[in-house]
Amino acid sequence: MRILKKALVWLLGLALVLAAVVWAFQRQVSTALLQRVVHDNVGRNIIPTLPDGLHVALCGTGSPFPDPTRAGPCTAIIAGERLFVVDAGEGSARNMGYMGLPVGKMEALLVTHFHSDHIDGLGPFMLQHWGMASATAPLPIIGPTGVDTMVDGFRAAYVFDYGYRVAHHSEKIMPSGGSGGKGVPFALPPVGQGDTVVVLDDKGLKITAFRVNHAPIEPAVGYRFDYKGRSVVITGDTKLTPSVATVSQGADILVHEALQPKLVKILESEFEGKNMGNLAHVMRDILNYHTTPEEAAAQANAAQVKHLVYNHIVPPMPIKFAYPAFVGDAAKFFGGPITVGEDGMLFTLPANSTAIDKKRLM
């Protein structure tokens, strides 16, 4: 016992000495640590390390609600070495940097609809696409009718910023022709004459847009990606819509928005109790144009998808302990794997395989 006490005293003394040394050389130690972090992360690009196939990276799984653990809606899709992004919620471009997905490598950004929480992160995406790669053409932003008007509004808001950066860094480093974005609209067939349109079919990758029901928001779409025998569907915001199950048939992963009414009712009651009637009213309104976790599970079952992933999580779920309350009875409707999406998740679907691997990038 006496030897153990002496050993503990010696270890404590050593720890204090080391702490004192670190404190005395705090500037040097912190500089060395920062240099290491910069070395490991500047120019980081995980795409060449991924196997050929489809990859789904969740760069934002949140909603308009404040959530310290989730950026706004954003899903990155890697097909081979091609990078696409669906929606651009606030904070999601920063997450892509953390995840080793360089925005400068993006081929295009696709928008599901024009609700603010799906587009309020466009500014950083356009800036990084321009500055990181010295782009000579604007970022293509693909979306339903009206996307060009929306993108033009962002360009107008950033027009001074673009000028400052060219003047400061030079035309060579920030070519003025590469600033901002360019809206690339597509039109869905008239109602009753079909719900889908192919927006890209190139080098083995097919992207299909499909109509969803997020009324009164119109137009609103989701996207299906098909590449080398693998497929992913991203719904965007929607209430229970037959087109989702139709388009998702046999997909490997269905990334479906989800709102849990029982938990939203708790927020409604709190707002009412604190005389915040306007927000209580909003809580009632949002119930009628989103999908419950159970409904999304039924869609996944009807479509016979392999894996269901929830995103656009409403209300916020900052701790995993609360996930069962959010998921509710979804397992009664879908027997496959169900994942509550979190920022930083990566799902890998190797080409011409049935495997689905999951890991974290942040």
Inset, instruction - Taking H placed 1.01 Å from N in the peptide plane, check which residues at least 5 places from residue 339 or on another chain put their amide H under 5 Å from its amide H. - result: 308, 309, 310
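Need one word for segment 158-248: rounded, prolate or oblate. Basis is the Cα gyration tensor (sqrt eigenvalues a ≥ b ≥ c); a/c below 1.5 gives rounded, then a/b vs b/c decides.
prolate
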Legend entry - Accessible area (Å², 1.4 Å probe, nearest 10) - residue 217: 30
Inset, instruction - Keeping all protein chains in place, calculate the accessible area per residue for segment 1-122 (probe 1.4 angstrom), answer in Å². - result: 54
Inset, instruction - Select from 15, 258, 351 the residue whose mean-square fluctuation is largest in a Gaussian network model of the chain (Cα-Cα springs shorter than 10 Å). - result: 15
Inset, instruction - Using the Kyte-Doolittle scale, find the helices of the chain whose mean hydropathy is at least -1.0 and whose Cα atoms extend 30 Å or more along the helix's long axis, counting only whole DSSP H runs. - result: 2-24
Legend entry - Cα-based reach from residue 332 at 16 Å (exclusive), listing aspartates and glutamates while leaving out same-chain residues under 8 positions away: 294, 295
Legend entry - Rough spin-label spacing in nm, given labels placed 7 Å along Cα→Cβ, for residue 278 and residue 351: 5.4
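What FRET efficiency would be calculated for the residue pair residue 266, residue 38, taking the C-beta separation as r and a Förster radius of 45 Å, to the nearest 0.05? Each step should come with its number before you reach the end.
Numbers: r = 44 Å, r/R0 = 0.97.
Approximately 0.55, to the nearest 0.05.
How many Å² of accessible area per residue for segment 218-259, probe 1.4 Å? Numbers along the way, then the final one.
Working: 1010 Å² over 42 residues.
It amounts to 24 Å² per residue over segment 218-259.
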Inset, instruction - Please work out how much accessible surface residue 270 shows to a 1.4 Å probe, ignoring ligands, DNA and RNA, in Å² rounded to 10. - result: 100
Legend entry - Simple label model, 7 Å out from Cα along Cβ direction - residue 31 to residue 50, nm: 3.8
Inset, instruction - With springs only between Cα atoms under 10 Å apart, run a GNM on the chain and tell me which of 224, 70, 155 wobbles the most. - result: 155
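Run lengths n ≥ 4 of DSSP H only: what is the helix-derived mean residue ellipticity at 222 nm for the chain, with -39500 (n - 2.57) per run over all residues, to the nearest 500? Please report the intermediate quantities before stating the final value.
Working: 12 runs with 129 residues, N = 362.
Here the helix-only value at 222 nm equals -10500 deg cm²/dmol.
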Inset, instruction - Summarise the accessible area of segment 258-362 (1.4 Å probe, protein heavy atoms) by the percent that is carbon and sulfur. - result: 58
Legend entry - Backbone HN-Hα couplings from phi across segment 305-315 [Karplus 6.51/-1.76/1.60, Hz, Gly and Pro as x]: 7, 8, 8, 9, 10, 8, 9, 6, 5, 10, x
Inset, instruction - With label points built 7 Å along Cα→Cβ from the Cα atoms of residue 149 and residue 132, find their separation and express it in nm. - result: 3.1
Inset, instruction - For the chain, take the alpha-carbon Rg, divide it by the Kirkwood Rh, and send me Rg/Rh. - result: 1.05
Legend entry - Cα gyration tensor category, rounded, prolate or oblate, for segment 148-299 with a/c compared to 1.5: oblate
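With a ≥ b ≥ c the root eigenvalues of the C-alpha gyration tensor of segment 112-170, is it rounded (a/c under 1.5), prolate (a/b larger than b/c) or oblate?
prolate
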Inset, instruction - Heavy atoms only, probe 1.4 angstrom, no DNA, RNA or ligands counted: give me 295, 342 ranked by accessible area, highest first. - result: 295, 342
Legend entry - Built amide H within the under 5 Å cut-off of residue 182, gap 5+: 139, 141
Inset, instruction - Enter the accessible area of residue 307 (Å², nearest 10), with the probe set to 1.4 Å and all protein chains included. - result: 20
Legend entry - Heavy-atom SASA rank of 130, 10, 23 (probe 1.4 Å, accessible area, largest first): 23, 10, 130
Inset, instruction - Return the carbon/sulfur percentage of the accessible area of segment 142-234, one whole number, probe 1.4 Å, all protein chains in place. - result: 58
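Among 223, 158, 164, 98, what's the order by accessible area (1.4 angstrom probe), most exposed first? Each step should come with its number before you reach the end.
Details: 223 0, 158 75, 164 150, 98 125 Å².
Ranked list, largest accessible area first: 164, 98, 158, 223.
The values are calculated or read from the model by the stated rules, or taken from the named source; none is laboratory data. Just so it is clear, the structure is predicted and the values come from calculations on it, not from any experiment. Reconstructed Cβ throughout: ideal geometry from the backbone, glycine too, with neighbour counts over all protein chains shown. Areas reflect the complete protein model, heavy atoms only, side chains present, ligands, DNA and RNA absent. Shrake-Rupley method; radii C 1.70, N 1.55, O 1.52, S 1.80 Å.
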